[in-house]
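A.B. asks: Can you read through this structure? Questions will come right after.
The values are calculated or read from the model by the stated rules, or taken from the named source; none is laboratory data. The structure presented is a predicted model; accordingly, all values stated were derived computationally and were not measured. Virtual Cβ from ideal backbone geometry, glycine too; neighbours counted across all protein chains shown. Note: accessible area is taken over every heavy atom of the protein model, side chains too, but ligands, DNA and RNA are not part of it. Shrake-Rupley method; radii C 1.70, N 1.55, O 1.52, S 1.80 Å.
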Amino acid sequence: MNFSSLSHFLFFSLCLLLLLLFTLSWLQTPTPLPTSPDHLSTNPKPIRSSNLPSTPSHPLDPLTIPEITAARSILLSHPLFSSSPSHLIFHSLSLDPPDKSSVLSWSSGRPLPRRRASAVVRFKGEYHSLSIDLSTGTVSSLPNPASGYPTMTIEDMTASASAPLSDPAFNRSVIARGVRTSDLSCLPVSSGWFGREIENRRRLIKVQCYSIEGTANFYMRPIEGLTVLVDLDTKEVVEITDNGRDIPIPKSAGTDYRFEAAKGNDKGRLLHPISIEQPEGPSFQVVDGHRVKWAGWEFHLKADSRAGLVVSEATVEDPITGERRSVLYEGYASELFVPYMDPTDAWYFKTYMDAGEYGFGLQAMPLVPLNDCPRNAYYMDGIFVAADGRPYVRENMICVYESYAGDIGWRHSESPITGMEIREVRPKVTLVARMAASVANYDYIVDWEFQTDGIIRVKVGLSGILMVKGSPYTHVKQFPSKQDTYGTLLSENIIGVIHDHFITFRLDLDVDGTNNSFVKVELARQNTESGESPRRSYLKATRHVARTEKEAQIKLSLYKPHEFHVINSEKTTRVGNPVGYKVVPAGTAAALLDVNDPPQIRGAFTNNQIWVTPRHNNEVWAGGLFVYQNKGEDTLAVWSERNRPIENKDIVLWYTLGFHHIPCQEDFPVMPTVSSSFDLKPVNFFERNPILNSAPNMEKDLPVCTAAAAA
Ligand SMILES: *[C@@H]1O[C@H](CO)[C@@H](O)[C@H](O)[C@H]1NC(C)=O
Ligand SMILES: *[C@@H]1O[C@H](CO)[C@@H](O)[C@H](O)[C@H]1NC(C)=O
């Protein structure tokens with residue numbers, strides 16, 4: 001590909017452009033991607049105005065552009081760093097949230113609790129975790145975790161991806177495989193921790209490359225078996241592993257998924273245009289940039305560089321009393337874990353933790369209007385921080401919209417047997433807050449869907465492009481009988497490797513107040529006494545309140561069904577049931593690796609589907625504060641082993657949504673979205689069906705819009 005066709009390609013693909021700026025080296029450009037801090041100050045684009053306010057108006061509002069600028073100045077002139085401020089590298093800078101009690105006691109119009117920023121910075125090879133008081137300029141140091149490194153900076157990813165080119169052996173190997181060095185695009189792959197001595201001394205990354213020749217979908221053209229170990233601090237090539245020289249680079253034909261390129265490939269099934277009409281406009285409001293109000297729900301919504309999308313202080317209006325009742329103090333994706341199931345040399349280390357290693361929010365790209373989100377959506381920006389500490393705006397990172405998919409909220413009609421003519425149906429309309437992260441090849445769509453019946457449905461969709469393995473085989477009949485291929489042959493010379501995705505959500509539920517308990521409602525067979533009934537057995541529900549953390553480590557089983565309630569035992573309904581919300585799993589997958597496998601030790605937060613911990617300000621990231629290359633000493637699994645009391649306390653429920661993925665040919669060259677979800681559902685929270693009084697649709701309220709006839 002020459003330079004002009006490259007520009008052409010970039011022009012057509014904004015999302016990919018941003019991704020490329022982050023993760024790839026484009027070597028055919030006259031100037032390779034600059035990696036100096038100056039470049040990063042404008043990466044991905046100069047600070048532009050955002051639709052977000054420049055002053056915070058809620059205690060949980062993210063840092064504003066002026067606050068980030070102030071925090072940066074405080075650190076640059078701080079005695080720790082002022083000797084050489086240009087060596088200060090920002091791995092993260094975000095709101096250090098005020099105490100929960102001060103957030104809960106705050107009310108609109110009152111002064112905000114003291115604003116603090118928390119920063120993780122690197123200075124001359126040392127890492128510092130700091131809290132900065134933005135009103136006084138005071139900086140306090142916090143202890144670093146026992147192992148691991150903070151989330152990579154974009155500069156780490158960009159510079160490490162181009163590092164292999166400094167090595168003549170790398171260039172020779174690429175050329176020997178028939179790939180021009182100008183056709184390379186390389187990805188930085190977090191290298192995990194496997195107990196090698198070098199892993200204790202250096203911050204490392206593995207770089208693998210693809211050929212971009214003839215396709216935008218370079219992921220389908222791996223240079224298999226060529227792995228370059230790079231020191232992330234010095235960008236030195238530490239080691240090159242060069243196996244698989246005999247494996248051909250898969251062909252480019254049929255790999256491009258873009259509309260212009262793909263539309264000639266088959267007949268297609270084009271539908272008529274579709275859109276949802278809201279003749280009176282949407283029913284939701286977004287106040288002061290972050291507070292969303294809709295159909296009795298109110299919540300705070302923001303972008304976060306690590307967690308992606310954060311929902312806070314979700315409350316719902318009681319339809320009978322009109323009282324505002326708390327449901328969820330805070331909810332977000334705390335960590336992702338994506339282990340690939342191939343133990344061979346070029347693959348064993350692929351065990352990504354996308355939030356703590358890459359930044360789930362940093363990888364979220366602008367949403368595409370009318371396609372990612374429908375008409376009438378509201379778009380919210382994210383404000384993040386580059387490696388030099390300067391803020392930048394990730395435009396349209398979150399959208400909020402009302403969804404109507406033709407579903408039914410509730411219904412009942414009477415049959416002729418009763419002689420009654422009853423046809424009562426209510427349409428189901430929901431409110432969705434959405435983001436989509438493109439962590440290199442994979443795309444994750446995260447939806448928080450608020451329903452009028454009190455349900456919060458958290459949904460994760462997986463799309464994007466598979467991480468594939470180059471293979472000598474062009475047909476399954478060539479597969480050797482004894483040797484494992486670790487996946488499915490998707491096309492000639494391309495194997496889609498089996499892998500899992502786990503997304504662990506941290507859910508600080510506050511059901512009608514902060515003091516809550518976790519109750520396992522066991523549904524089990526009860527045998528009748530002989531002669532008691534013509535029936536021999538029935539199912540009986542028994543409640544078990546979990547007193548300590550270990551009683552709340554849950555592995556799901558169809559043959560040991562339970563409901564999982566978070567209740568407020570001090571509040572009951574009119575008839576005496578404790579008010580509660582239950583977490584309702586849908587399709588999910590469990591981690592099946594050996595618990596002592598090094599990746600699974602680091603990913604031990606996926607050993608159970610549910611955990612409940614007492615709320616603690618330092619227990620936020622399920623894989624630990626510093627996830628990169630850590631040894632797994634600071635995970636949710638470790639915290640939970642302390643077996644602390646959790647009854648009638650401010651508790652946090654952790655739910656892991658899992659997917660096993662055995663790739664299939666339909667996943668090539670881009671995957672149709674696969675989704676799953678879980679619900680937070682009221683259980684004896686309301687006195688009765690909370691949407692009894694919702695209105696049916698009427699013909700008069702829904703004018704039919706027709707295309708104007710040509711005049
Ligand atoms: C490897 O190839 C790249 C791109 O052609 C070139 O810029 C670089 O200098 C080469 N590296 C070495 C060590 O020869
Ligand atoms: C929560 O429960 C504790 C006792 O476990 C009690 O001291 C505290 O006042 C309660 N808090 C609230 C907000 O009810």
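A.B. asks: Those residues that are over 30 Å from P369 (Cα atoms), in a strand (DSSP E or B) and open to solvent by 50 Å² or more (accessible area, probe 1.4 Å), I need them from region 399-437; list them, please.
C.D. replies: W410, R411, H412, R423, E424, V425
A.B. asks: Continuing with this model, one more query. Across region 501-529, which residue is farthest from ligand 1 (Cβ to nearest atom) among those that are open to solvent by 10 Å² or more (accessible area, probe 1.4 Å), touching a Ser or Thr at 6+ places or on another chain (Cβ under 6 Å) and over 23 Å from V579 (Cα atoms)?
C.D. replies: Here the residue is N527.
A.B. asks: Which condition number in (1) within 19 Å of L229 (Cβ to Cβ); (2) touching a Phe, Trp or Tyr at 6+ places or on another chain (Cβ under 6 Å) is the one that C186 fails?
C.D. replies: Here C186 clears every test but (2).
A.B. asks: Say whether the condition of being in contact with a Phe, Trp or Tyr (Cβ under 8 Å, 6 or more places away or on another chain), part of a loop (DSSP other than H, G, I, E, B) and under 30 Å from V439 (Cβ atoms) is met by at least one residue in region 522-531.
C.D. replies: Checked region 522-531: no residue is in contact with a Phe, Trp or Tyr (Cβ under 8 Å, 6 or more places away or on another chain), part of a loop (DSSP other than H, G, I, E, B) and under 30 Å from V439 (Cβ atoms).
A.B. asks: Working only within region 282-304, note down all residues that are among the small types (G, A, S) and open to solvent by less than 30 Å² (accessible area, probe 1.4 Å).
C.D. replies: Step one: filter region 282-304 for residues among the small types (G, A, S), giving 283, 289, 295-296, 303.
Answer for region 282-304, where residues must be among the small types (G, A, S) and open to solvent by less than 30 Å² (accessible area, probe 1.4 Å): G289, G296, A303.
A.B. asks: What single numbered condition from (1) among the β-branched types (V, I, T); (2) over 26 Å from L309 (Cβ atoms); (3) part of a loop (DSSP other than H, G, I, E, B) fails to hold for T55?
C.D. replies: If we test T55 against (1) among the β-branched types (V, I, T); (2) over 26 Å from L309 (Cβ atoms); (3) part of a loop (DSSP other than H, G, I, E, B), just (2) comes out false.
A.B. asks: Given (1) under 30 Å from T227 (Cβ atoms); (2) in contact with a Ser or Thr (Cβ under 7 Å, 6 or more places away or on another chain), identify the lone condition not met by G308.
C.D. replies: The single condition G308 does not satisfy is (2).
A.B. asks: If you check E647, E619, which single one turns out to be modelled with pLDDT of 95 or more, part of a loop (DSSP other than H, G, I, E, B) and within 16 Å of ligand 2 (Cβ to nearest atom)? First the steps, then the outcome.
C.D. replies: Values: E619 fails: within 16 Å of ligand 2 (Cβ to nearest atom).
When all the criteria are applied, what remains is E647.
A.B. asks: Pick from region 605-651 the residues that are aliphatic (A, V, I, L, M) and open to solvent by 10 Å² or more (accessible area, probe 1.4 Å): which of them is farthest from A589 (Cα to Cα)?
C.D. replies: The selected residue is L625.
A.B. asks: Within region 533-562, track down each residue that is open to solvent by 70 Å² or more (accessible area, probe 1.4 Å) and more than 18 Å from R506 (Cα to Cα).
C.D. replies: Residues satisfying the conditions are P534, R535, R536, Y538, L539, K540, R543, H544, R547, L558, Y559, K560.
A.B. asks: Could you check how many residues of region 156-198 are within 9 Å of ligand 1 (Cβ to nearest atom), open to solvent by less than 10 Å² (accessible area, probe 1.4 Å) and not in a helix (DSSP H, G or I)?
C.D. replies: 1
A.B. asks: Can you give me the number of residues within region 559-591 that are in a loop (DSSP other than H, G, I, E, B) and either touching a residue at least 40 places away in the same chain (Cβ under 8 Å) or among the hydroxyl-bearing types (S, T, Y) (or both)?
C.D. replies: 10
A.B. asks: Shifting gears a bit: Can you name the number of the only condition in (1) assigned to a strand (DSSP E or B); (2) open to solvent by 80 Å² or more (accessible area, probe 1.4 Å) that S677 fails?
C.D. replies: For S677, the exception is condition (2).
A.B. asks: Give the residues of region 169-184 that are polar (S, T, N, Q) and free of Cβ contacts under 8 Å to residues at least 24 places away in the same chain, sorted by residue number.
C.D. replies: As a first pass, look at region 169-184 and keep what is polar (S, T, N, Q): 171, 173, 181-182.
Of everything in region 169-184, just one residue is polar (S, T, N, Q) and free of Cβ contacts under 8 Å to residues at least 24 places away in the same chain, namely N171.
A.B. asks: Select from region 507-520 the residues that are away from ligand 2 (no atom under 14 Å from the Cβ) and in contact (Cβ under 8 Å) with a residue 60 or more places away in the chain and list them in ascending order.
C.D. replies: Hits for region 507-520 are L507, D508, L509, F518, V519.
A.B. asks: If you take the residues of region 109-136 that are in a loop (DSSP other than H, G, I, E, B) and open to solvent by less than 30 Å² (accessible area, probe 1.4 Å), which of them is nearest to ligand 1 (Cβ to nearest atom)?
C.D. replies: Looking at the filtered set, the residue picked out is R115.
A.B. asks: Search region 263-321 for residues being among the aliphatic types (A, V, I, L, M) and assigned to a loop (DSSP other than H, G, I, E, B), and hand back the single one that is farthest from the chain's Cα centre (by Cα).
C.D. replies: Per the stated criteria, the residue is I320.
A.B. asks: Would you confirm, using the coordinates I've provided, whether L63 is under 11 Å from S118 (Cα atoms), open to solvent by less than 20 Å² (accessible area, probe 1.4 Å) and in a loop (DSSP other than H, G, I, E, B)?
C.D. replies: So L63 passes the test.
A.B. asks: Would region 231-245 turn up any residue that is farther than 27 Å from Y348 by Cβ and among the small types (G, A, S)?
C.D. replies: no
A.B. asks: Do we find that D231 is more than 16 Å from ligand 2 (Cβ to nearest atom), of a type in the set (D, E), open to solvent by less than 30 Å² (accessible area, probe 1.4 Å) and more than 27 Å from V121 (Cβ to Cβ) in this structure?
C.D. replies: Working: more than 16 Å from ligand 2 (Cβ to nearest atom): yes; of a type in the set (D, E): yes; open to solvent by less than 30 Å² (accessible area, probe 1.4 Å): yes; more than 27 Å from V121 (Cβ to Cβ): no.
Answer is no for this residue.
A.B. asks: Oh, and also: Collect the residues in region 524-554 that are closer than 19 Å to V652 by Cβ, away from ligand 2 (no atom under 16 Å from the Cβ) and basic (K, R), keeping them in residue-number order.
C.D. replies: Matches in region 524-554: K550 only.
A.B. asks: Within region 350-396, which residues are in contact (Cβ under 8 Å) with a residue 24 or more places away in the chain, polar (S, T, N, Q) and open to solvent by 10 Å² or more (accessible area, probe 1.4 Å)?
C.D. replies: N376, N396
A.B. asks: I would also like to ask the following. Would you pick out the residues in region 199-211 that are free of Cβ contacts under 8 Å to residues at least 60 places away in the same chain and assigned to a helix (DSSP H, G or I)? Reasoning before the result, please.
C.D. replies: Initial filter on region 199-211 (free of Cβ contacts under 8 Å to residues at least 60 places away in the same chain): 200-202, 205, 207, 209-211.
Scanning region 199-211 gives a single hit, N200.
A.B. asks: Right, next: Residue by residue through region 97-108, note down the ones that are open to solvent by 40 Å² or more (accessible area, probe 1.4 Å) and within 26 Å of V627 (Cα to Cα).
C.D. replies: Matches in region 97-108: P97, D99.
A.B. asks: Residues in region 690-702: is at least one over 30 Å from the mean Cα position of the chain (by Cα), of a type in the set (K, R) and not in a loop (DSSP other than H, G, I, E, B)? So that I can check it myself, show each step before the final result.
C.D. replies: Restricting attention to region 690-702, the residues satisfying the condition of being over 30 Å from the mean Cα position of the chain (by Cα) are 690-702.
From what is left, the residues that are of a type in the set (K, R) are 700.
Still in the list and also not in a loop (DSSP other than H, G, I, E, B): 700.
For region 690-702, residues over 30 Å from the mean Cα position of the chain (by Cα), of a type in the set (K, R) and not in a loop (DSSP other than H, G, I, E, B): present.
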